[in-house]
Amino acid sequence: MKKFLKYSGLLLVCGLILLLLIPFFVPLDKYKVIASQKVKEEIGRQLEINGPISLSLLPNPKINLKDIKLSSIPGAHYPSLFEAKEVTASVSLFSLLTGNIVISEIEVNNPVINLEYMANGSSSWDFSKSVSPEKNSNGESSKIEGKSELYINSLKILKAKINYIKTPNTESDLK
């Protein structure tokens, strides 16, 4: 029994040390490009992560992004829909083990959100027109229609600035 406890304790300590060291060996800068490409594919907007990315696994998995921007629609007054000095997201460790990913907390520091409604009826926050599903040879959508759910337990937005612009489209709007 003593051997079992001794080896279990040693295994637990080694596992904790491994979880502390893994983030130092993950090439996080590579994921900036992957994230930007995925956002471009999914919503047709450019994502820029100009600052560093950091990752920690203990006590809960957490990722921190600094100096991020999401581009707006062409012709918009502001070039970006969203800018933030820092975004931190943590995930429940238990949810990762069960397969149902639940974001425990998202904290957004100093965001600037530019909402624009254009004269042609388009809006900077509407992503449905940005992406057209790919068609196969039968003319059917090749993307799998699945229900994607995102659970966020806590969202903190600190020191936010929101700009809203509605571009006039008729002479009556100008008066």
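The values are calculated or read from the model by the stated rules, or taken from the named source; none is laboratory data. Note that the coordinates shown come from a computational prediction; the quantities given were computed from them, not determined experimentally. No Cβ is skipped: glycine too gets one built from the backbone with ideal geometry, and neighbour counts run over all protein chains shown. Side chains included, ligands, DNA and RNA excluded: accessible areas come from the protein's heavy atoms. Shrake-Rupley method; radii C 1.70, N 1.55, O 1.52, S 1.80 Å.
Mind running the shape call on the range 4-118? Use the C-alpha gyration tensor, a ≥ b ≥ c as the square roots of the eigenvalues: rounded below 1.5 for a/c, prolate if a/b tops b/c, oblate otherwise. Spell out each step's value before the answer.
On the way: a/c = 2.93, a/b = 2.63, b/c = 1.12.
Prolate is the answer for the range 4-118, as a/c is 1.5 or above and a/b outweighs b/c.
For residue 157, what residues show an amide H to amide H distance below 5 Å, using hydrogens built from the backbone and excluding near sequence neighbours?
Answer set, sorted by chain and number: 108.
What number comes out for accessible area per residue over the range 1-102 if the probe is 1.4 Å? Units Å², please.
Averaged over the residues of the range 1-102, the accessible area is 70 Å².
Using 0.36 nm per residue of separation minus the Cα-Cα distance, give me the extension gain between residue 33 and residue 125 in nm, one decimal.
Gain on extension, residue 33 to residue 125, equals 30.8 nm.
List, in order, the whole-Hz ³J(HN,Hα) value for each residue of the range 92-104 obtained from phi through the Karplus relation with A = 6.51, B = -1.76, C = 1.60 and θ = phi - 60°; use x for Gly and Pro.
Listing the rounded values in order: 5, 4, 4, 5, 5, 6, 8, x, 9, 6, 10, 7, 5 Hz.
If you take the beta carbon distance between residue 24 and residue 155 as r and set R0 to 25 Å, what does 1/(1 + (r/R0)^6) give as a FRET efficiency, to the nearest 0.05?
0.30
What percentage of the solvent-accessible surface of the range 18-73, computed with a 1.4 Å probe over protein heavy atoms, is contributed by carbon and sulfur atoms?
65 percent
Can you run phi through the Karplus equation (6.51, -1.76, 1.60; θ = phi - 60°) for the range 23-40 and list ³J(HN,Hα) in whole Hz, with x for Gly and Pro?
The phi angles translate into x, 6, 9, 8, x, 5, 4, 4, 6, 4, 5, 5, 5, 4, 5, 5, 5, 4 Hz.
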